[in-house]
Each structure stands twice: as C-alpha cells, then as structure tokens.
Amino acid sequence: MKITSLLMIAVLLSACSDRGQSVTDFKDYESYLSLSQAVSSGPVNEELKFWSDRLKKNNDDASLIKLGALYSELFKETGLAEHIVLSDSLYKEAQKRNAEGLVEIYQALAANAISQHKFQDAKEYAEKALSLKDKKSASLLLLADVSLEIGDYARANQILRQFKNKRSFAYLIRKAKVKDHEGMLDSAIVCMEQAYHRVRGNKALSQWALSNLADMYGHAGRIEDSYAVYLNVLRNHPSDDYSLKGIAWIALSHDKKIKDAKRIVNTLAARNRMPELHLILAEIAHLEGNTLEKANQLKKFRSLASVPAYRPMYMKYLALLEAEEFNNASAAVSMAVEEINNRSTPQSFDLLAWGYYHQNKFKEAFEVATKHVENQTFEPEAFYHLGMIYHANGNHEKGDQYLKEALKCRFELGPSTTAKIAAAIESL
Amino acid sequence: MRLKLNLKTLGLALVAIVACAASYLIAADHIDSPAVTGTGSDITDVYAFQSPANANNIVFVVNVQGLLAPTATAAASFDEEVMIEINIDNSATKDNTEDLVIQAAFDNGKVKVYGPEAPIQKGVMSTLLKSSPIEASISAYGANPIIGESNGIKVFAGPRDDPFFFDLNQFKAIIGGTATSFNNPGTDAFAGTNVLALVIEVPKSMLGSGSINIWATSNREM
Amino acid sequence: MMKTTLKYLSMIAFLGMVITFTACDDDDDNDMPVNIIYEQEDQMARPAINTVFVSTGEKDIFNTTPPAEQGAAFATKFNDKLLALNPGYTTNLLGLDAATFTGVLATDVLTVSLNAPTTFYDGTNVLTGRKLEDDVITVELILLFGGPDAMSNPGLTDDHVDANDKSFSDSFPYLASPH
C-alpha cells in the first residue's frame, strides 16, 4: 500500500507539470468546424418527426416518452434550454396518463433534473422511482448520481458498495467519478478505461466514455493522449461540440494558440448555446489585451446564463464572476448560499468562502474554507482560493503551499488565473 | 484522506496534493451519466416454432430493444454486457428447470452462440459455457443478413422489423377505464418500428423429444 | 492526417495496456475471472403475461424468479388480477376455471412441440409453440374475456390487429427486414 501511494504521488507530481511542445494542429480538426447545426442534429430531428407523426396519429404514451427522450438528447446537442423544458413537459404529460406513475418516467425526469442542476427535484424523482420498486438498480444508480452532485458521498458510496455488477459500465463510470472526487485521478482513469472497454461495441456509450477519458488524460498532464482521444471521438461523431471545446482549451491553455482557439470557440458559439463559451472568449479577449471585448463577452455570458432555465446550471460561474469581475461580492455570497442549498459540496462552500474573501471578511472566509473545503476537495480552483485565504489570515507558509500546488494545474486554470496566482506568490 | 495522512507521515508537505480538474472556464461538470434506462436487457418477445425451411429444426427468436424508429435503428446495438439465454426444460416431468441452455453473448460486433448444452449453473445466475461458440457478425441496418452456421445450427443477430402486432394503446385505455372496447380496425402500436433480433435455428434432435418448455432470459455480466 | 493516425494508434495501444499498480476499485479484485458469470435481469416466455398480470412494484421480482418457483409466488396474485380485469370470469374456451387458468399462466414458460405443429393456437393445437404470424393477443383476449364459448364480451376479445405490417420470409432468419 505504501509503495502504491508513493508511486501515485510521483505520478501526480509529474502529471501536473507542463510540457513545452505544441499538441494541436488546426488541419486535424478544421473539417469539423464547417458543420451546420442542421447537420449535427439531423438524426435526432428525423426521429422527432417519426414520433411526432405517430403522436398525432395515435396519441399514445409511448410516443410522448420517446419524444421526451429525444428532446432531452437534443438539449445535449444544442444547449437550448427550451428543449429540456419541452422534454420535461412531455414526460409529465405521459405520467399524467398513468395512475400509478411509470418508474421509467420518474427515472427520466430525475435525469433531466440533474442536467438542469435541479438536484432537489432530481432526488425526489429518484426516490419516487425507487419507491415503485421496479427497475430498482437503475433507480439506485440515479440516486448515486444525485448523491454525488449534492455532496452526499456517503450515500453514493453505500449504493455503489452494494451494487453487484462491479464490472459493469454503469458501476465503473460512477466509481470513476468517486475516485476523481477523492483526488485519485489515476484510479479514476483506470475505472473509465475499463468502462470504455465494456462498451466498445456501442457507439454512443463508447464516445461518452472516450470524451470523459480525454478530459481526464488532460488533467493527468497527458495532453497528447487527451487531444488524440478528442479527435477520435470527432472522427466518429463530427458534431461532438464537447470534444471541440476540449481541443479549443488545449490550443488556448497548453499550446497558447490563441487564434486557433478563438476560431473553434467562435464556431461553437454560433451553433451551440453553451453560455460558458463566452467565458472562454472573454479569457481570449483578456489575453489579446482587448478589455472592451472581454467586458462584452462577460456580459453576454451573464445575460445568457441568468435566464431562469440556465441559472441553476451556471450558478457557480455567475457567483465567481460577481466576485472576481463585477465587483459585487455580496451578490456572490448570496448566490453561493443558493448553491449550497442546492448542493452542499465542498465546491459550493468554496464559493461562499471566496465571496467572503472578496468582501474582505477574511475570518469568515477562513472559517468556511477550513471547515468545509480544505481536505475535502483537491481541485486547483479551491487550492487557489485556500491559498489566498490563508495569506489573508496571516498564514503565509500554508498560503504559499496552496498557491504553489494550484500552479501545478496551470493547464486547467488557464493563462490568466495562472498569471494571477504567480503574481500572488511573488507579492504576498 | 489517506493520501493526505501518508504525506504528513512522510513530512513532505503541510497541505494536501492538488488533483488537477477542470476549472470553471472549461466547465468543471463532467458530462452527465448516460441514461440508466433502456440498457438493452428488456426482452420484447420470444418465439419458438418449427422451421418453415426444415421440419427437423426448431427456430428460437428473442427480441430486445423494441420501438426503434427506422432512423434510430442503424445506431442501435446489442448491450455487450448482456447475455441472452434460452432455457430449455426437456425433462419428462416438466419441472420447469433448465436441462439445456443456448447462450448468446455479444462482443465487438459479433454474436457468439454457445450450446445447446447442460448449464454450468442453474437459476438466476448463469455461467458462460466453455465450448466453442458459433459466431456471426452482427448484421448492419440495411445490409443483407449475415448468417453463422455450424453443426446444423444457424444464428443471426441484428435489426429486423418488429414481428409483434397489438393495439396496445387501446388495450391500455380499456384497462385504464377510458375505453370499453377495441376499435375495428385496430391500430398496431408496433407497426413501422424495428427491434434487435436474435434468431437461432437448432436441429430438434439436439433438444429432446416430445415437447419441451422454454423461456428466455437476459443476464448482465457480473 | 498521418500524424493524427499515429496519435490514434498510440491511444489505442494505451487503452489496451494493463495498468499494473493502479486499480479502479479497492473493493473488488480486478483479475480476469476464470468463469464469466451473469445475473438475470429480464425473463419472458408467453407474450404479454408480465405486462398484463404482474403489478407495479413486482416486475423486477417476477423477472428474476425462476419459472419453477413462479407458480407458488404469483398464482394467487394472477388470479386476483384476472378477476379484477374480468369480474364475470367463469371458465374459458379451454374449460379452465380462474384458479387453474392463472395457475398455468403464472409459470411463464412456452411449451414447444417437437413432433406436432408449433402454434400458439390454430383451432386444433393449443400452446405448442409460437409462430411469428400467430395472433397471440387475440387468443389471450379470448381466453381472458371470451367465457366458455368465446362469445362473451365481444368488444374485448379481438384487438382487430390480425397480422404484422410486413410479411415474413420462408427462409432464415424469417423476420422481415427492418423498416
């Protein structure tokens, strides 16, 4: 066990170090930028027509449920909130027609609620599905998902421990999430690789596993592997915007190819409503020294992400911006409290501490951070905040250590946060 | 937690080691887990009949993943964690316990069919048979069926029209109390949709004599 | 393009690599098993039995109860369900009273004849198999609602969907090509 831990430390230490060479090549992914939205959602749209026609003709539950699932899928492609809202209403209409309630519909509603970060609703739906007893293992998996999201790691672990199929895809991907949360990235990668092997024959699932693996390879410092896997996903699914976004980040944060990153993100922003794309464009504008454009992009993000359907999904981002960019720390604090009510994770408490820090309430920040954040998450953002909070409270040794730890993840933090941390180490 | 304790004992650091994870700029939330429902183990129908092509054979059909729209069919695939088993009771007393099983496992685009053979394990747990299987590539949507054949056994796996027909919606309406009788003509709820079909044709001589009781199961690898 | 292919290959090589010192799961050993073991999730023989007779909350249990034990566990429940669906049930075309009929149904196996015509019901042979073209639902509706002479509840004994929307083939794999 000790040897394993030492090896793990060695891997983690090397993992976060920077490698000099450029990884991305515009020619590799150029062709994926020319797709129109119509092309990318083609198969889903054709299927929508099939079930809409059938619904008109038969007015049946099965068509309602199929349409609900398709709009949920479409939401993942387009990022349009109206699609997930429509999905919910189709499921609810189908549910109204079934006196006892269908367990599959409660499960689908729970999954939709997770997508929308309505975690308390998700939990209720998942519990309701579980109470109906049928399809129990799916209900338990959903409860494990919700538990992970709301920070109830004990319950998630308990469900996973009792899960019998420990070689199944469903188990392995959740175990990967747990390991990731515990800061055991290498174990998480092994879980996700095993999960991928389980579903090689399934196009949708194997792509899902690969795009998650690509993220994880990036976090492990294996930028080339990460890039290769994103490209592999795109080869099979040219409209996978998630992978293009991953490549844009490598181009920006690792290769410092600002122009290439901008071309990708501008393309994505034109065909997909993911508000966070404007955050990356703001980062790019910042690096280009274009203050006006940066402010524009941040405002665009705020107006897109603040609409009710999106707000819970982007609460964290909105709170960070209020604190760091819009000079409105009290708004950040109240958003953090909302976020804690939705999900009391270490990351949510980190937001609160960071809000207090920006209000110059260093003591409160310290209390929250040491009680709810420190040693409970190992993410670089939290380490950055912990470092600043320790400094502000006079513990410069720990402050520096946290900042230096955070700096090992310069790839994840991006150029401007990295610069901020480096400057803080110099000056504090 | 354990990581941190080890570090302390080793005297390496005062603070835990960072684990790099996405920052808010690139969206820290991983993509949501794929749907837990519709995982491919739901059996829609089971058929067993004398082969129209050879009176010495019995054909078994087990269908999964019903209600596939035509445009969704090409992307549909068998769940590779799921083994489909045809259980056969050929005892004289018909105790409804399997004396023989035929197992179909799906791996990397192929179906592998084992048996009919005595099961290694009876009941709700199953062990994959160790004999060499009959293999066939899983047929693609729109392509000619690919047939695996050996020892007089034929196997097919791939998308087909759903052979089931039923006015399910009107039946539900009757059960639910919103209708009192079927319509004439009725509406086939399965018309125009596809399933993933497993078809296995076996010489009767391998199954027993007189009559047999059969049932199909889907089983997830542990 | 060449560069991309090489990267792709290296990735595949990596994914195939065995990780020697990092395990996914400390609760479980990850050695390749000698036996590949499966646990049952779904089970089916006669058409629509689970849909019609098994109540919400018991479908998982029904699907994982071996047929030899299903009768003891479900016959009474099936009997109650039958009488709820058709309170006027006396006997059916097969001459079976409610308890006998549901006793048969609760053990969900399909009998297949190896020496006689295989059919769900063809006017002569009863439950000797299930052919693709058998109108199994109408047969079941008659047995559920039709009374001893198949004449009761005429509105409930035929869904008036008598055949598949595509015709079947006489050669393997018999099912029609997909839509």
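The values are calculated or read from the model by the stated rules, or taken from the named source; none is laboratory data. Quantities reported herein were computed from a predicted structural model and do not represent experimental measurements. Please note: Cβ atoms are built from the backbone with ideal geometry, for glycine as well, and neighbour counts cover all protein chains shown.
Being more than 7 Å from chain B (Cβ to nearest Cβ) and either in contact with an Asp or Glu (Cβ under 7 Å, 6 or more places away or on another chain) or among the polar types (S, T, N, Q) (or both) is the filter; apply it to the range A:388-410 and report the residue that is surrounded by the most Cβ atoms within 10 Å (Cβ to Cβ). Out of the qualifying residues, it is A:R410.
With respect to A:R167, determine if the residue is touching a Leu at 6+ places or on another chain (Cβ under 8 Å) and basic (K, R). Judged against the criteria, A:R167 is not a match. Taken together, the criteria place B:S126 among residues that are touching a strand residue (DSSP E or B) at 6+ places or on another chain (Cβ under 7 Å), surrounded by 15 or more Cβ atoms within 10 Å (Cβ to Cβ), under 19 Å from B:F78 (Cβ atoms) and modelled with pLDDT of 95 or more. Within the range B:30-38, identify whether any single residue is assigned to a strand (DSSP E or B) and either in contact (Cβ under 8 Å) with a residue 12 or more places away in the chain or farther than 29 Å from A:W208 by Cα (or both), and answer yes or no. No, every residue in the range B:30-38 fails to be assigned to a strand (DSSP E or B) and either in contact (Cβ under 8 Å) with a residue 12 or more places away in the chain or farther than 29 Å from A:W208 by Cα (or both).
Looking only at residues in the range C:128-139 that are part of a loop (DSSP other than H, G, I, E, B) and without any contact (Cβ under 8 Å) to a residue 40 or more places away in the chain, which one is surrounded by the fewest Cβ atoms within 10 Å (Cβ to Cβ)? Restricting to residues being part of a loop (DSSP other than H, G, I, E, B) and without any contact (Cβ under 8 Å) to a residue 40 or more places away in the chain, the top hit is C:E133. Take the residues in the range C:56-72 that are more than 11 Å from chain B (Cβ to nearest Cβ) and surrounded by fewer than 15 Cβ atoms within 10 Å (Cβ to Cβ); name whichever of them is nearest to B:N87 (Cα to Cα). Among those residues, the one meeting the criterion is C:A72. Residues in the range C:98-120 include none that are among the acidic types (D, E) and outside any loop (DSSP other than H, G, I, E, B). Flag: C:S177 matches the condition of being in a loop (DSSP other than H, G, I, E, B), of a type in the set (S, T, N, Q) and at the interface with another protein chain (Cβ under 7 Å from one of its Cβ atoms).
Of all positions in the range B:159-174, at least one carries a residue that is acidic (D, E), more than 18 Å from the chain's Cα centre (by Cα) and closer than 20 Å to B:Q65 by Cα. Looking only at the range C:140-155, decide whether some residue is crowded, with 21+ Cβ neighbours inside 10 Å, within 7 Å of another protein chain (Cβ to nearest Cβ) and over 21 Å from the mean Cα position of the chain (by Cα). Scanning the range C:140-155 turns up no residue that is crowded, with 21+ Cβ neighbours inside 10 Å, within 7 Å of another protein chain (Cβ to nearest Cβ) and over 21 Å from the mean Cα position of the chain (by Cα). Count of the range B:175-195 residues, restricted to those that are modelled with pLDDT under 95 and at the interface with chain C (Cβ under 8 Å from one of its Cβ atoms), is 1. Looking across A:L252, A:L281, A:L231, one residue alone is modelled with pLDDT of 95 or more and within 14 Å of chain C (Cβ to nearest Cβ). It is A:L231. Taken together, the criteria place C:A163 among residues that are out of contact with any helix residue (DSSP H, G or I) (no Cβ under 6 Å at 6 or more places or on another chain), surrounded by fewer than 18 Cβ atoms within 10 Å (Cβ to Cβ) and either at the interface with chain B (Cβ under 8 Å from one of its Cβ atoms) or touching a residue at least 24 places away in the same chain (Cβ under 8 Å) (or both).
In the range B:96-116, which residues are over 19 Å from B:E81 (Cα atoms) and either surrounded by fewer than 16 Cβ atoms within 10 Å (Cβ to Cβ) or within 11 Å of chain C (Cβ to nearest Cβ) (or both)? Result: B:N96, B:T97, B:E98. Considering A:E367, A:E338, the condition of being more than 11 Å from every other protein chain (Cβ to nearest Cβ), surrounded by fewer than 19 Cβ atoms within 10 Å (Cβ to Cβ) and over 19 Å from the mean Cα position of the chain (by Cα) is satisfied by A:E367 alone. Elements of the type helices (runs of 4 or more DSSP H) sitting completely within the range A:338-415 and holding at least 2 residues that are among the polar types (S, T, N, Q): these cover A:346-358. Residues in the range B:55-89 that are among the polar types (S, T, N, Q) and in contact (Cβ under 8 Å) with a residue 60 or more places away in the chain: B:N56, B:N57, B:N63, B:Q65, B:T73, B:S77, B:N87. Take A:E426 and tell me if it is more than 15 Å from B:Y24 (Cα to Cα), assigned to a helix (DSSP H, G or I), charged (D, E, K, R) and modelled with pLDDT of 95 or more. Judged against the criteria, A:E426 is not a match. When the range B:197-222 is filtered for residues that are more than 7 Å from chain C (Cβ to nearest Cβ) and more than 20 Å from the chain's Cα centre (by Cα), the ones remaining, listed by number, are B:P203, B:S205, B:M206.
Taken together, the criteria place A:A154 among residues that are in a helix (DSSP H, G or I), surrounded by fewer than 24 Cβ atoms within 10 Å (Cβ to Cβ) and of a type in the set (G, A, S). Scanning the range B:55-69 turns up no residue that is of a type outside the set (K, R), within 9 Å of chain A (Cβ to nearest Cβ) and touching a Pro at 6+ places or on another chain (Cβ under 8 Å).
Show the residue pairs meeting these rules: Cβ distance below 8 Å; 6+ apart or different chains; first residue within the range A:59-77 and more than 8 Å from chain B (Cβ to nearest Cβ); second residue charged (D, E, K, R) and part of a helix (DSSP H, G or I). That search, which allows pairs on different chains as well, returns A:S63/A:R54; A:L64/A:E93; A:I65/A:E104; A:G68/A:D88; A:L70/A:E47; A:E77/A:D241. Each residue in the range A:69-84 was checked for being closer than 12 Å to A:R273 by Cα and among the acidic types (D, E), and 2 pass.
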